[in-house]
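Read-outs throughout are calculated quantities, based only on the coordinates presented, and are distinct from any laboratory measurement. The structure displayed is predicted, hence computed values, not measured ones. With ideal geometry, Cβ positions are generated from the backbone for all residues, glycine too; neighbour counts draw on all protein chains shown.
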Amino acid sequence: MSQQLLARAANTLLDPNGRALAAAVQWWDLPGLEAGPWPVAVVGEGPPLLALHGFDSSHLEFRRLAPLLAVGHQLFIPDLFGFGFCPRPIGGPYGPGAVLDHLERVLEQVLARSGASRVGLIGASMGGSVAVELARRCPERIERLLLLAPAGLTGQPMPVPPLLDQLGARFLSLPAIRQGLCRSAFAMPDRDVGPAELEIASLHLACDNWAGALGAFARSGGFAGCGTPLPPQPITVLWGQNDRILRPPQKRAAQALLGERITELENCGHLPHIDQPTTVARIWHG
């Protein structure tokens, strides 16, 4: 189902960057994971760079940034385990541990296919916490990190009780709620959010067992408190001045943890790679 859905998206998505990135997806078999194959978008040539999307999102989140990073890098964008267009077997272990176990196998394949010994790493929103966890697990394989509005670096896991997790998933599937969440992620939603953005924000909901996997992840408590201790690699952090997803207490806690690593971008919301992809690419390329 996921493969057919994404193949169709490569021809029909309203956003041309989205169509191009969907068409760049490869389906990988990963040793030790039997439910695959697993989707990984691959674009560009050069040193490998791994990009990780946020909660309830997909590789398509990087549609505007990918063409800019592909100049000088081979960019690998997997869908995280339990998210995007990944297979979601019934009863799977949907939680942070499973996300990281899957990602370690992806990383092994990236290194093997690129012939490199280390990769650059970019993580957006929840993907920022995933990136930090992965960098701690594999310090010799990660060269440096760029975190985009990272979520989950501070705080404590808050598992959602059974039954409420499924109610939450159904709530998130409502068209009006999807639209509201999409708009809240942009700095200027009246200007920037239209049918193309709403289509990409909701496309993966049609994947088999989307609600079941999302509910199981919510029951796990998700990623929280992942920033302590910070990994040893160089870290750069970008977030938006107009971010309405990261609340002020979250920003203050992250500021205390990250300090001068943070650069705040004007006229930018929770998605610097969508609102200001040219700026993000420039900062990554140095």
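Determine the calculated [θ] at 222 nm for the chain from helices alone, applying -39500 (n - 2.57) to every DSSP H run no shorter than 4 residues and normalising by the residue count; nearest 500 deg cm²/dmol.
-12000 deg cm²/dmol
Antiparallel versus total DSSP beta bridges in the chain: what percent is that, nearest 5?
About 35 percent, rounded to the nearest 5.
Would you mind finding the longest exposed-site-free stretch of the chain, with exposed GluC sites (Glu not before Pro) meaning DSSP loop and at most 15 other Cβ atoms within 10 Å?
With GluC sites (Glu not before Pro) excluded where exposed in loops, the chain gives 141-265 as its longest stretch.
Checking the a/c ratio against 1.5 first, then a/b against b/c, what shape does the Cα gyration tensor give for the chain?
The shape class here is rounded.
What shape does region 1-90 have by the C-alpha gyration tensor, where a ≥ b ≥ c are the square roots of the eigenvalues, rounded means a/c under 1.5, and otherwise prolate means a/b greater than b/c and oblate the rest?
Note, shape of region 1-90 comes out oblate.
Under the Karplus relation 6.51 cos²θ - 1.76 cosθ + 1.60, θ = phi - 60°, what is the ordered set of whole-Hz ³J(HN,Hα) values for region 94-104, x standing for Gly and Pro?
8, x, x, x, 5, 4, 6, 4, 4, 5, 4
Quick one: check the C-alpha center-to-center distance for region 86-133 versus region 213-232, whole angstrom.
Going from one Cα centre to the other spans 13 Å.
In a shell of Cβ-Cβ distance under 9 Å around Tyr94, excluding Tyr94 itself, what net charge do Lys and Arg (+1) and Asp and Glu (-1) give?
+2
Restricting things to alpha carbons, tell me how big region 159-282 is in terms of Rg and Dmax, in Å.
16.6, 45
Could you estimate the translational diffusion coefficient of region 61-146 from the Stokes-Einstein equation, with Rh from the Kirkwood formula over C-alpha pairs, at 25 °C and 0.890 mPa s, in whole µm²/s?
Answer from the Stokes-Einstein relation: 178 µm²/s.
Kindly state, to the nearest 0.05, the FRET efficiency for Glu108 paired with Arg144, given R0 = 25 Å and r defined as their beta-carbon distance.
So the FRET efficiency works out to roughly 0.80.
Just add up the charged neighbours of Arg261: K/R +1, D/E -1, any other residue whose Cβ is under 14 Å from the Cβ of Arg261.
Net charge in that neighbourhood comes out at 0.
Taking amide H positions as placed 1.01 Å from N in the peptide plane, with prolines and chain starts having none, which residues 5 or more places from Leu265, or on another chain, fall under 5 Å of its amide H?
Under 5 Å from the amide H of Leu265: Trp239, Gly240, Gln241.
Can you tell me the FRET efficiency between Leu164 and Arg252 if r is taken as the Cβ-Cβ distance and R0 is 41 Å, rounded to the nearest 0.05?
Computed FRET efficiency for Leu164 and Arg252: 0.90.
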